[in-house]
Every structure is written in structure tokens, then in C-alpha cells.
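Note sheet for the following structure.
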């Protein structure tokens, strides 16, 4: 067997495995705004259940808080998170109590400030609530009760 045929067979296997994995993992659901997609993985069931009970359920879905509000930023974040979540869940290399990354924390903070700009601009003017103060420091459980 020559190297071109071997490379073709390996490439075809990789593409086939990728299509199978994407289909099995319901990858298309992650391209939507449906919060149920976030609960495809069993590890996210408690976050989804918490969101179902939280006040933000009436006003926001997962992407509103956990993805940038521009199309490029949103789908870049979803792709990066999807890759790293898939890697972590496939390998089992994740903490049992999942934690938000620094990048995703910044995105969530920006979402808080964006949606609550009317309130946060006056709050941040008050001494003790500097621009560096994290909304999540005091309101950690807001979206997931």
C-alpha cells in the first residue's frame, strides 16, 4: 500500500470518527440557544436544574450570560468551550465541582454589566464597587440558584 492510499484511509477514518462523535454527542444542538443543550452532559445537570429555578430563567438563556453578544465572539467561545469540554469529559480530567475559567468569568462579567448597565453604572460609582469588583463575588448563585 502506498503512502497516499494510507493517508487517505487514515483521513477517511478520522473524518468518519469525527462525524460519528459529533452526531453521538448531539453537536448540532450546541449551535442553538436552547439551554437543554448545555445539559447534554450529565455533569451540567445541576447547573441546568438551578437555572430552571432561578429568576434569570425568565430573562436569559445560557448563551446570554456565557457567550459574548457578537456573532463571531459567541461562536468562537462555543467552539473553544465545546472542544475543551469534550476533551475534559472524554478523558475524565475535570474537577468534580466544575469551575469557570478566567476567560469565561470575564465573558460572564461583561454580560452582567451589559444587561444590567442601568443599575451597574450607578452602583460602580459608589465607593467600594470599583470597576475591578466582580459581580460574581457577591452574586455567584444568581443564574444557577
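Over the stretch 39-145, one equal point on each Cα, no solvent: what is log10 I(q)/I(0) by the Debye formula at q = 0.12, 0.19, 0.24 Å⁻¹? The calculated log intensity ratios at q = 0.12, 0.19, 0.24 Å⁻¹ are -0.46, -1.11, -1.52. For the chain, relative contact order (Cα pairs under 8 Å, six or more residues apart, normalised by length) works out to 29 percent. Above 23 angstrom, tally the Cα pairs of the stretch 1-99 and express them as a % of all pairs, no decimals. Beyond 23 Å sits 39 percent of the P(r) for the stretch 1-99.
In plain terms, if you count all Cα to Cα distances in the stretch 8-58 and split them into 10 Å steps from zero, the share in each step is 23, 36, 22, 13, 6, 0 percent.
To the nearest ten degrees, helix 71-91 and the longest principal axis of the Cα atoms of the chain are 60 degrees apart.
So what's the back-of-envelope 222 nm ellipticity for the chain, counting only DSSP H runs of four-plus at -39500 (n - 2.57) apiece and dividing by all residues, rounded to 500?
Working: 7 runs with 84 residues, N = 145.
Mean residue ellipticity at 222 nm (helix-derived): -18000 deg cm²/dmol.
To the nearest ten degrees, helix 3-24 and the longest principal axis of the Cα atoms of the chain are 40 degrees apart. For a paramagnetic label modelled on residue 109 (point 7 Å from Cα along Cα→Cβ), amide N atoms under 20 Å away belong, within the stretch 59-75, to 63-70, 73-74.
Here the Gaussian network model covers the chain, with springs between Cα atoms less than 10 Å apart; of 75, 24, 48, 24 fluctuates the most.
Coordinate-derived values only; no laboratory data. Source: prediction; values computed, not measured. In this analysis, Cβ positions are derived from the backbone assuming ideal geometry, glycine residues included, and neighbour counts consider all displayed protein chains.
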